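Quick note: the coordinates plus some simple rules give every number you see, no bench work behind them. Everything quoted here is computed from the prediction, not taken from an experiment. Glycine also receives a Cβ, built like all others from the backbone with ideal geometry; neighbour counts cover every protein chain displayed.
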Amino acid sequence: MQSSNTNGQGGAVLDRSETHDMISSEKVDGTAVYGRDREKIGSVHHLMIGKRDGKVRYAVVSFGGFLGMGEDYVPLPWNELTYDEDLGGYRVNREAQSFKDAPRYGRDQEPNWDQSYSGGIDRYYGARA
């Protein structure tokens with residue numbers, strides 16, 4: 001991907017994989033996620049996207065662990081995340097403690113992303129299906 005630092009008029013230009021309101025999924029993976037208190041609680045591990053409608057449904061956020069060991073993955077409904085330019089990452093309007101009992105899985109325990117599993121996530125966060 002090519003990028004440049006100015007727009008020829010002295011202003012900054014975004015990388016070609018990013019526009020004012022869109023961003024490549026490559027750039028979302030690894031982006032920090034912060035709680036209501038602006039403390040980092042994890043980072044985006046990957047996204048779950050609807051095959052037919054192309055909409056991002058969930059951001060799977062990695063929590064805890066060290067160098068990938070002991071890490072848990074917590075799927076959050078995409079609409080739970082808001083991009084915060086000041087933080088340079090996504091913010092959720094919840095305290096980190098609220099994720100203690102959230103649906104999660106371990107590194108080697110990829111769930112079956114069927115309607116039952118997705119419904120459980122949506123119910124936990126009070127999201128509309």
**OP:** Among the lysines, select those whose C-alpha is under 25 Å from the C-alpha of LYS100, and discard any that sit fewer than 8 residues away in the same chain.
**Re:** LYS40
Original post:
What's the exposure ranking of THR82, THR31, going from fewest to most Cβ atoms within 10 Å?
Top reply: THR82, THR31
Subject >> the stretch 25-125: Cα Rg divided by the 2.2 N^0.38 Å rule of thumb >> reply: 1.02
**OP:** For TYR34, enumerate residues with amide H under 5 Å from its amide H, sequence gap 5+ or separate chain, H modeled in the peptide plane.
**Re:** ILE41, TYR90, ARG91, VAL92
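Give me SER25, SER43 sorted ascending by neighbouring Cβ count inside 10 Å, so fewest comes first.
Values: SER25 12, SER43 17.
Least crowded to most crowded, the residues run SER25, SER43.
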Original post:
Just from the alpha-carbon atoms, what are the Rg and Dmax of the stretch 76-129 in angstroms?
Top reply: 12.8, 37
Original post:
Out of residues 5 or more away from ILE49 or on other chains, whose amide H comes under 5 Å of its own, with H placed 1.01 Å from N in the peptide plane?
Top reply: ARG57
**OP:** Under a cut-off of 13 Å between alpha-carbon atoms, report the aspartates and glutamates in cross-link reach of LYS55, not counting same-chain residues fewer than 8 places apart.
**Re:** none
Original post:
Once Lys and Arg get +1 and Asp and Glu get -1 on their Cβ, which of ASN112, PRO75, SER98 lies farthest toward the positive end of the dipole of the stretch 25-125?
Top reply: ASN112
